[in-house]
1. Once the Cα atoms of segment 22-137 are picked out, what are the Rg and Dmax in Å?
2. For segment 13-70, which whole-number percentage of the solvent-accessible area (1.4 Å probe, protein heavy atoms only) is attributable to carbon and sulfur atoms?
3. What residues qualify as long-range amide H neighbours of residue 211, i.e. H under 5 Å apart, gap of 5 or more or another chain, H built at 1.01 Å from N?
4. Please provide three numbers in whole Å: the alpha-carbon extents of segment 77-201 along the principal axes, with the largest listed first.
5. Checking a compactness column here: for segment 11-79, what do you get for Rg(Cα) / (2.2 N^0.38 Å), N being the number of residues?
6. Per residue, how much accessible area does the chain have with a 1.4 Å probe, in Å²?
7. Please report the relative contact order for segment 1-108, taking Cα pairs under 8 Å with a sequence separation of at least 6, and give it as a percent rounded to a whole number.
8. Can you give me the long-range amide H partners of residue 104? Hydrogens built in the peptide plane at 1.01 Å from N, cutoff under 5 Å, separation of 5 or more residues or another chain.
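The values are calculated or read from the model by the stated rules, or taken from the named source; none is laboratory data. Remember, predicted model here, so these are calculated numbers, not experimental data. Please note: Cβ atoms are built from the backbone with ideal geometry, for glycine as well, and neighbour counts cover all protein chains shown. SASA here: full protein model, heavy atoms, side chains in, ligands and nucleic acids out. Shrake-Rupley method; radii C 1.70, N 1.55, O 1.52, S 1.80 Å.
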Amino acid sequence: MTDLSWLIAQPVAHRGFHDMNKTRWENTLSAFAAAAERGYAIECDVHISSDGIPVIIHDGDLKRLTGHDGFVWQRTATELATLKIGGTKDHVPTLEEALDLIDGRVPLVVELKGVPGHDAGLVASVGRLLKRYQGKVAIMSFDHWLIRDFAKDAPGIPGGLTAYGSENQLIEAHFAMLAHDLAFTSYAAGDLPNPFVSFVREKLKMPVITWTVHDQPAVDLTFKYADQMTFEGFEPDLVKVA
(Lines give C-alpha, C1' and ligand atoms only; values in the text may rest on other atoms or scores of the structure.)
Protein backbone atom coordinates (compact mmCIF):
# COMPACT_ATOMS: atom_id res chain seq x y z
CA MET A 1 0.00 0.00 0.00
CA THR A 2 1.27 3.48 -0.87
CA ASP A 3 2.49 5.46 2.14
CA LEU A 4 0.23 8.50 2.34
CA SER A 5 1.28 9.65 5.80
CA TRP A 6 2.29 12.96 4.18
CA LEU A 7 -1.31 13.55 3.10
CA ILE A 8 -2.55 13.74 6.68
CA ALA A 9 0.53 15.20 8.37
CA GLN A 10 -0.67 18.82 8.26
CA PRO A 11 -3.97 20.66 7.70
CA VAL A 12 -4.89 21.19 4.05
CA ALA A 13 -5.61 24.77 2.97
CA HIS A 14 -8.81 24.73 0.91
CA ARG A 15 -8.06 26.40 -2.44
CA GLY A 16 -4.89 27.72 -0.83
CA PHE A 17 -4.63 29.98 2.21
CA HIS A 18 -7.02 32.72 1.11
CA ASP A 19 -8.86 35.26 3.23
CA MET A 20 -12.37 34.28 2.14
CA ASN A 21 -11.94 36.33 -1.04
CA LYS A 22 -11.46 39.72 0.60
CA THR A 23 -7.98 40.58 -0.74
CA ARG A 24 -6.35 37.17 -1.29
CA TRP A 25 -8.64 35.03 -3.39
CA GLU A 26 -9.15 31.30 -3.64
CA ASN A 27 -7.11 29.19 -6.07
CA THR A 28 -4.61 31.97 -6.80
CA LEU A 29 -0.84 31.95 -6.77
CA SER A 30 -1.04 34.39 -3.85
CA ALA A 31 -3.12 31.91 -1.84
CA PHE A 32 -0.77 29.05 -2.67
CA ALA A 33 2.29 31.11 -1.69
CA ALA A 34 0.65 32.00 1.63
CA ALA A 35 -0.13 28.36 2.37
CA ALA A 36 3.36 27.17 1.49
CA GLU A 37 4.93 29.90 3.63
CA ARG A 38 2.88 28.71 6.61
CA GLY A 39 3.58 25.01 6.04
CA TYR A 40 0.05 23.93 5.14
CA ALA A 41 -0.71 21.35 2.47
CA ILE A 42 -2.70 22.81 -0.42
CA GLU A 43 -5.89 21.75 -2.19
CA CYS A 44 -6.70 23.24 -5.58
CA ASP A 45 -9.28 22.78 -8.33
CA VAL A 46 -8.43 22.11 -11.97
CA HIS A 47 -10.41 22.41 -15.19
CA ILE A 48 -9.11 21.96 -18.72
CA SER A 49 -8.86 24.89 -21.12
CA SER A 50 -10.02 24.79 -24.75
CA ASP A 51 -6.43 24.06 -25.80
CA GLY A 52 -5.99 21.16 -23.40
CA ILE A 53 -4.06 22.84 -20.60
CA PRO A 54 -4.95 22.26 -16.92
CA VAL A 55 -5.92 25.57 -15.31
CA ILE A 56 -6.71 26.26 -11.68
CA ILE A 57 -10.20 27.58 -10.99
CA HIS A 58 -13.13 26.14 -9.05
CA ASP A 59 -16.16 27.15 -11.11
CA GLY A 60 -16.74 26.07 -14.67
CA ASP A 61 -18.63 29.36 -15.15
CA LEU A 62 -16.26 32.34 -15.15
CA LYS A 63 -18.69 34.93 -13.75
CA ARG A 64 -18.22 34.67 -9.96
CA LEU A 65 -14.44 34.66 -10.00
CA THR A 66 -13.54 36.83 -13.00
CA GLY A 67 -16.65 38.89 -13.74
CA HIS A 68 -16.66 37.61 -17.33
CA ASP A 69 -19.37 35.62 -19.06
CA GLY A 70 -18.72 32.16 -20.47
CA PHE A 71 -17.08 28.95 -19.38
CA VAL A 72 -13.53 27.81 -18.74
CA TRP A 73 -13.69 25.20 -21.52
CA GLN A 74 -14.42 27.93 -24.07
CA ARG A 75 -11.13 29.78 -23.45
CA THR A 76 -7.48 28.99 -24.07
CA ALA A 77 -5.06 29.01 -21.17
CA THR A 78 -3.52 32.20 -22.57
CA GLU A 79 -6.93 33.87 -22.69
CA LEU A 80 -7.71 32.73 -19.15
CA ALA A 81 -4.39 34.14 -17.93
CA THR A 82 -5.60 37.61 -18.92
CA LEU A 83 -8.61 37.34 -16.58
CA LYS A 84 -8.12 38.77 -13.09
CA ILE A 85 -9.57 37.00 -10.08
CA GLY A 86 -11.88 39.15 -7.98
CA GLY A 87 -10.44 42.35 -9.39
CA THR A 88 -7.03 41.61 -7.87
CA LYS A 89 -3.68 41.32 -9.61
CA ASP A 90 -3.97 37.52 -9.55
CA HIS A 91 -4.90 35.79 -12.81
CA VAL A 92 -6.33 32.35 -13.57
CA PRO A 93 -3.15 30.24 -13.20
CA THR A 94 -2.18 27.08 -14.96
CA LEU A 95 -1.45 24.00 -12.90
CA GLU A 96 2.12 24.20 -14.16
CA GLU A 97 2.49 27.70 -12.71
CA ALA A 98 1.29 26.45 -9.33
CA LEU A 99 3.67 23.49 -9.38
CA ASP A 100 6.57 25.80 -10.17
CA LEU A 101 5.59 28.09 -7.29
CA ILE A 102 5.01 25.38 -4.68
CA ASP A 103 8.12 23.48 -5.82
CA GLY A 104 7.70 20.58 -3.42
CA ARG A 105 7.66 22.74 -0.29
CA VAL A 106 4.30 21.35 0.87
CA PRO A 107 1.99 18.57 -0.36
CA LEU A 108 -0.57 19.34 -3.04
CA VAL A 109 -3.99 17.74 -3.56
CA VAL A 110 -5.44 18.44 -7.00
CA GLU A 111 -9.20 18.11 -7.43
CA LEU A 112 -10.19 17.47 -11.04
CA LYS A 113 -13.42 19.17 -12.09
CA GLY A 114 -15.32 17.41 -14.84
CA VAL A 115 -17.70 19.03 -17.30
CA PRO A 116 -19.56 16.34 -19.26
CA GLY A 117 -18.72 16.63 -22.92
CA HIS A 118 -16.02 19.25 -22.33
CA ASP A 119 -13.34 17.56 -20.22
CA ALA A 120 -11.66 15.15 -22.66
CA GLY A 121 -7.99 14.77 -21.83
CA LEU A 122 -8.21 16.34 -18.37
CA VAL A 123 -6.87 13.37 -16.42
CA ALA A 124 -4.14 12.64 -18.97
CA SER A 125 -2.95 16.24 -19.11
CA VAL A 126 -2.80 16.48 -15.33
CA GLY A 127 -1.10 13.09 -15.16
CA ARG A 128 1.65 14.18 -17.55
CA LEU A 129 2.42 17.27 -15.50
CA LEU A 130 2.41 15.49 -12.17
CA LYS A 131 4.58 12.64 -13.41
CA ARG A 132 7.45 15.13 -13.77
CA TYR A 133 6.75 16.87 -10.46
CA GLN A 134 9.15 16.11 -7.62
CA GLY A 135 6.88 17.06 -4.70
CA LYS A 136 4.23 15.13 -2.81
CA VAL A 137 1.01 15.22 -4.83
CA ALA A 138 -2.33 13.42 -5.13
CA ILE A 139 -5.41 13.77 -7.33
CA MET A 140 -9.09 13.39 -6.53
CA SER A 141 -12.53 14.05 -7.95
CA PHE A 142 -16.24 13.91 -7.31
CA ASP A 143 -16.69 12.79 -10.90
CA HIS A 144 -16.77 9.03 -11.28
CA TRP A 145 -16.04 9.12 -15.00
CA LEU A 146 -12.78 10.94 -14.30
CA ILE A 147 -11.79 8.59 -11.48
CA ARG A 148 -12.21 5.65 -13.85
CA ASP A 149 -9.37 7.16 -15.92
CA PHE A 150 -6.97 7.74 -13.02
CA ALA A 151 -5.13 4.41 -13.24
CA LYS A 152 -4.80 4.59 -17.04
CA ASP A 153 -4.03 8.28 -17.51
CA ALA A 154 -2.28 9.19 -14.25
CA PRO A 155 -0.50 5.99 -13.23
CA GLY A 156 1.50 6.06 -10.02
CA ILE A 157 -0.25 9.16 -8.66
CA PRO A 158 -2.41 8.49 -5.56
CA GLY A 159 -6.06 8.95 -6.50
CA GLY A 160 -8.95 9.78 -4.22
CA LEU A 161 -12.73 10.08 -4.17
CA THR A 162 -14.19 13.42 -3.13
CA ALA A 163 -17.58 12.64 -1.61
CA TYR A 164 -20.47 13.68 0.61
CA GLY A 165 -23.73 12.33 1.96
CA SER A 166 -25.05 9.70 4.34
CA GLU A 167 -28.05 8.44 2.35
CA ASN A 168 -27.91 4.77 1.33
CA GLN A 169 -27.89 5.52 -2.40
CA LEU A 170 -24.87 7.80 -2.11
CA ILE A 171 -23.02 5.45 0.23
CA GLU A 172 -23.55 2.56 -2.19
CA ALA A 173 -22.19 4.66 -5.06
CA HIS A 174 -19.10 5.48 -3.00
CA PHE A 175 -18.52 1.80 -2.24
CA ALA A 176 -18.75 1.02 -5.96
CA MET A 177 -15.81 3.36 -6.62
CA LEU A 178 -13.52 1.22 -4.47
CA ALA A 179 -13.14 -0.98 -7.56
CA HIS A 180 -10.96 1.77 -9.05
CA ASP A 181 -7.92 1.45 -6.78
CA LEU A 182 -8.59 4.48 -4.60
CA ALA A 183 -5.83 5.50 -2.22
CA PHE A 184 -7.79 7.95 -0.02
CA THR A 185 -11.05 9.82 0.26
CA SER A 186 -12.00 13.41 1.00
CA TYR A 187 -15.38 13.52 2.70
CA ALA A 188 -17.78 16.27 3.77
CA ALA A 189 -17.18 16.83 7.48
CA GLY A 190 -20.87 17.41 8.19
CA ASP A 191 -21.74 13.95 6.87
CA LEU A 192 -19.62 12.07 9.42
CA PRO A 193 -19.83 9.43 10.70
CA ASN A 194 -21.07 7.07 8.00
CA PRO A 195 -20.51 3.43 6.96
CA PHE A 196 -18.30 4.25 3.98
CA VAL A 197 -15.79 6.33 5.89
CA SER A 198 -15.73 3.83 8.75
CA PHE A 199 -15.07 0.97 6.33
CA VAL A 200 -12.28 2.60 4.37
CA ARG A 201 -10.48 3.78 7.51
CA GLU A 202 -10.92 0.70 9.68
CA LYS A 203 -10.92 -2.15 7.15
CA LEU A 204 -8.87 -0.74 4.27
CA LYS A 205 -6.61 1.47 6.43
CA MET A 206 -7.21 4.24 3.89
CA PRO A 207 -6.63 7.85 4.98
CA VAL A 208 -9.63 10.16 5.09
CA ILE A 209 -9.46 13.94 4.95
CA THR A 210 -12.52 16.14 5.38
CA TRP A 211 -13.91 19.21 3.62
CA THR A 212 -14.54 22.04 4.22
CA VAL A 213 -13.88 22.81 7.87
CA HIS A 214 -14.76 26.32 9.08
CA ASP A 215 -15.33 25.97 12.82
CA GLN A 216 -14.51 24.00 15.93
CA PRO A 217 -17.44 21.55 15.69
CA ALA A 218 -16.21 20.49 12.23
CA VAL A 219 -12.65 20.21 13.57
CA ASP A 220 -13.93 17.95 16.33
CA LEU A 221 -15.92 15.80 13.90
CA THR A 222 -12.88 15.46 11.66
CA PHE A 223 -10.51 14.22 14.30
CA LYS A 224 -13.10 11.88 15.81
CA TYR A 225 -13.98 10.15 12.53
CA ALA A 226 -11.23 11.04 10.01
CA ASP A 227 -7.52 11.81 9.85
CA GLN A 228 -7.05 15.39 8.68
CA MET A 229 -9.05 18.44 7.63
CA THR A 230 -9.31 20.68 4.61
CA PHE A 231 -9.95 24.09 6.16
CA GLU A 232 -10.64 27.71 5.30
CA GLY A 233 -11.40 30.92 7.15
CA PHE A 234 -9.03 30.39 10.08
CA GLU A 235 -5.43 29.47 10.77
CA PRO A 236 -5.05 26.07 12.47
CA ASP A 237 -1.99 25.02 14.41
CA LEU A 238 0.61 22.94 12.65
CA VAL A 239 1.80 19.61 13.98
CA LYS A 240 5.40 19.68 15.06
CA VAL A 241 7.25 17.29 12.77
CA ALA A 242 10.64 16.09 13.99
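1. Rg then Dmax for segment 22-137, in Å: 13.3, 39.
2. On the way: 1000 of 1970 Å².
Ligands and nucleic acids excluded, carbon and sulfur reach 51 percent.
3. 187, 188, 189, 230
4. Over segment 77-201, Cα extents along the principal axes are 45, 33, 33 Å.
5. Rg over 2.2 N^0.38 Å, computed on Cα atoms: 1.15.
6. Numbers: 11090 Å² over 242 residues.
On a per-residue basis, the chain sits at 46 Å².
7. Values: 204 pairs, mean separation 27.5, N = 108.
The normalised contact order for segment 1-108 reaches 25 percent.
8. 135
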